[in-house]
Every structure is written in structure tokens, then in C-alpha cells.
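Right, one structure below, let's go through it.
The values are calculated or read from the model by the stated rules, or taken from the named source; none is laboratory data. All values derive from a computational prediction rather than experimental measurement. Glycine gets a Cβ as well: all are built from the backbone with ideal geometry, and neighbour counts include every protein chain shown. Accessible surface is based on the protein model in full, side chains and every heavy atom, while ligands, DNA and RNA are left aside. Shrake-Rupley method; radii C 1.70, N 1.55, O 1.52, S 1.80 Å.
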Amino acid sequence: MTDTRPAPLTGLKVVEISAFVAAPLGAMTLAQLGADVIRIDPIGGNIDANRWPISDDGTSIYWASLNKGKRSVTLDLKSEEGQKIATDLIAEAGTLITNLPARGWLSYENLKRHRADLVMLRLGGWHDGSPAVDYTVNAASGFPVITGDDERPVNNAVPAWDIAAGLYISNGIMAAELDRRTSGKGQEITLALSDVMLATVGNLGYIAEVQATGKTRGALGNGLYGAYGQSFECSDGRQVMVVVISNKHWRGLGKATGLSEKLEMIGQLLDVDLATEGGRFEAREAIDAVVRQWFAAHTAEDATRLLAEGGVLVGGFQTFEELVNSDPRCSTENPMLTEIDQPGVGRVLAPRVPLQFGGTPVNAAQTAPHLGGNTAEVLRSVLGLIAEETSGLNPNDTAQ
């Protein structure tokens, strides 16, 4: 018998008032898990409404990608009427996510007067209230200094702290919802983007390493700290990344390259134990020198195939275009990805939430709404406002 339980968060209602990456990603994650998420923006859109990349007709691909599966409402949030309607929507939903300044009408103290068990999550920059974005937080983290292979810091193009914060946001909302179901009480949750960074730096041991050893790491290029990993250029000019963690991987590297005897000699010459991750890290430059010519004699495709067959962790570097156009893992062969017709963008591959549930399956990727396109429908279905009461609130509403 087929299990027909609904998606895990079916029944959870969330209002989101936000911009950029972290909060929209957190709310979209909840939507992809089954929650009904209503994003409220000012008329004309928030600061991220037209952010690049954009399609040929000017639609923000960025905005559409971070708001899949939500309903979009636009209101004049500077007016008393717009603020009252937004407050009513928040009170009806019972859960709010925001990264805007939570003061005045949007403060927790005000909103909980309208919903006593309100759960509200507020994302800020630094824990002391100072503003920050991913790339300024990352600059302070220490990671840019050890990224690359020279003394010039490299700020990673991936907004890692925004992404991690978004997942903390979804996790925090679910934790507070579980508590509310048993205690009957709501609460305000605060999250600082900088604390997401600091928690990660601490959880990965970087803080303790400095305090315990008095040392700090330098840049390793594409090397792997504490184990063996390196990138190599192949005969066709392409590069591959090799990672050796276990002894099985180490033996596989020797077997695949035919260099087992030479690699084992390194341990004797340098007096290091190549059966340990630390020993291989200490001998990394010698290992590089031994295997580099093997890569130079093989194409990236052949090197990747031979190493993979030998049980070595290996991956080729590729562009976004190559990922999208040539890699079957980024196609509908992967059940996480489906094709959707996104208005203003076209037919594109889109991911659902990466989690796969055996008993409470989640939906395939949904399209993002037009900005403000659900205003009349939401105000009618959620607040019971009739057409005359909603007319004029949003001249761009496509659902009126």
C-alpha cells in the first residue's frame, strides 16, 4: 500500500518579510517541506527584487530562485493600512521570519499583542546589532586568508554564511514550532549572521587550535589540511582534484597510477608514517612530485576514470556551463531536479529540498510567484477581505 502522508510541514503557516539570501532561503526550505509561506514585500519589491542575474526580459533569476513555492504579497508597508494588513497576516499565520529592523509595528513586543503564541525569528548582522552581510562576515572569519596560495585574501564566491544561516533559520523555526505544540507558547528567536560564522569556525576546531597550539594555518592552495589532497593539471590542460582520506584511498592511488613502490619510499626517506593522515600531510610535497607526471601524461577524463576505478576520491573541475550542459548529475536523471516553466525566465531545471523522505514525500520544485501576484487571493482567503477592500492595495496584483 502506498504511503500517502502529506509533506512533513503541511499545516505550518509562515510569513516572511525579508531580502537577499539567508531569510528567503530559510523560508523557502520550509515551503519545500510543505509549509504555506507568504512573502510580504513593499509595492515594487524589496531591495533584492531586481538583483542579478536577470533574464532577457529583466526578470530577476536570483529572486525567482530563492522564492519557489511561496505566495507573494505586496503592500504599502509605510502606510498604517499596509502595516495593519501585514500584522493581521502575521497574527493569522503565527510564525514570522524577517531580516529587517524589528522595531515599531514589526517589533516582537507589538506583534505578540496580536498573537500571544507568536514565533518570530529575527536575523541580524553582528551580535551587537552592527550591520553585516555574508562577504563582510567572511572577511573576518579567517577563511579568506587561508584560501588560495598567496598572501592575498580570497573572499569565496559562495555566500556560505548566508546559506548556513538560512538552514539555521529553518531549523530554528521547526524547533520553536515543536516547543509551541507542547507548551502552547511562542517566542522570539534571534540569529546573528556573524554567530553562524563563529559557530562554524569553532565547531571545525579553528578557535581551539589557535588557543591550544598558538599556531594558525597558512594558505594551502588546493591542498587539504591534515590529510592528503591536491589538484593536478592533466595532459589536456584540465585539472582534477584528488583526496586521500583512508588507507584504502592511499593504496588505490598507488595502484591506479602504478606508483605504489615509489610512494612507499617517501615514508622511509622522510621518516613519516604514510599509513596515517598526518603522515601523508607532512609528506604532501613529495607525494605531489611523484604523482604529478602521471597526471601530465593522462587526460582529465582518463585520470578521473582510472582513479575512481581504483577507489580514490576524485573530481574534475568544471564550469557552470559544463555542469548544466554536460553533467548528468545536474539533470532530470537526478530525481531532486525537475524542469519548471518559470514566468519571465523560461524552462529551467529547479531543485526541490535535497532531503528525501520515505514516508512523507515532498513536492517537486514549484515555480516562484510573480512579485505581488497573490495579494488579492491571500487577503481574501486568509483574512476574508473582499475585492472592494483589497482594490488599490496593489496595482500590480495579477490575481485580482
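Would you point out which residue out of Arg238, Arg280, Arg251 is open to solvent by 90 Å² or more (accessible area, probe 1.4 Å) and over 18 Å from Ala300 (Cβ atoms)?
Criteria check complete, one pass: Arg251.
Could you say whether any residue in region 31-40 is in a loop (DSSP other than H, G, I, E, B) and either aromatic (Phe, Trp, Tyr) or free of Cβ contacts under 8 Å to residues at least 60 places away in the same chain (or both)?
Within region 31-40, one or more residues are in a loop (DSSP other than H, G, I, E, B) and either aromatic (Phe, Trp, Tyr) or free of Cβ contacts under 8 Å to residues at least 60 places away in the same chain (or both).
Taking region 132-170, which residues are open to solvent by 60 Å² or more (accessible area, probe 1.4 Å) and in a loop (DSSP other than H, G, I, E, B)?
Val133, Asp149, Asp150, Glu151, Arg152, Pro153, Asn155, Asn156, Ala157, Val158
Residue pairs, Cβ under 8 Å, 6 or more apart or interchain, first in region 138-158 and in contact (Cβ under 8 Å) with a residue 12 or more places away in the chain, second among the aromatic types (Phe, Trp, Tyr). List them.
From residues that are in contact (Cβ under 8 Å) with a residue 12 or more places away in the chain, the pairs are Asn138/Trp161; Ser141/Trp161; Gly142/Tyr206; Asn155/Tyr135; Asn156/Phe143.
Does Asp48 satisfy being under 22 Å from Asn363 (Cα atoms) and of a type in the set (Asp, Glu)?
no
Here is a check on your reading of the model: is Ile97 outside any helix (DSSP H, G or I), out of contact with any strand residue (DSSP E or B) (no Cβ under 8 Å at 6 or more places or on another chain) and β-branched (Val, Ile, Thr)?
Criteria not met by Ile97.
Please list, ordered by first then second residue, the pairs with beta carbon atoms under 6 Å, 6 or more apart or interchain, first in region 323-350 and at pLDDT 95 or above, second exposed (fewer than 13 other Cβ atoms within 10 Å of the Cβ) and hydrophobic (A, V, I, L, M, F, W, C).
Short answer, once both residue conditions are applied: Cys330/Leu323.
Considering (1) open to solvent by 20 Å² or more (accessible area, probe 1.4 Å); (2) part of a loop (DSSP other than H, G, I, E, B), say which one Tyr62 fails and leave the rest.
(2)
For residues that are assigned to a loop (DSSP other than H, G, I, E, B), open to solvent by 40 Å² or more (accessible area, probe 1.4 Å) and either β-branched (Val, Ile, Thr) or out of contact with any helix residue (DSSP H, G or I) (no Cβ under 8 Å at 6 or more places or on another chain) (or both), tally how many sit in region 107-131.
Final tally of qualifying residues: 7.
For the condition open to solvent by 20 Å² or more (accessible area, probe 1.4 Å) and more than 24 Å from Pro343 (Cβ to Cβ), what is the one hit in Asn46, Asn99, Asn50?
Exactly one residue qualifies, and that residue is Asn99.
For region 212-261, how many residues are hydroxyl-bearing (Ser, Thr, Tyr) and touching a residue at least 12 places away in the same chain (Cβ under 8 Å)?
6
Do you know which residues across region 310-363 are crowded, with 16+ Cβ neighbours inside 10 Å, assigned to a loop (DSSP other than H, G, I, E, B) and among the hydrophobic types (A, V, I, L, M, F, W, C)?
Those that are crowded, with 16+ Cβ neighbours inside 10 Å, assigned to a loop (DSSP other than H, G, I, E, B) and among the hydrophobic types (A, V, I, L, M, F, W, C): Val312, Met336, Val345, Val353, Val362.
Of the residues Leu224, Leu198, Leu204, Leu191, which single one is of a type in the set (A, V, I, L, M), under 30 Å from Glu109 (Cα atoms) and open to solvent by 40 Å² or more (accessible area, probe 1.4 Å)?
None of the other options fit; the residue is Leu198.
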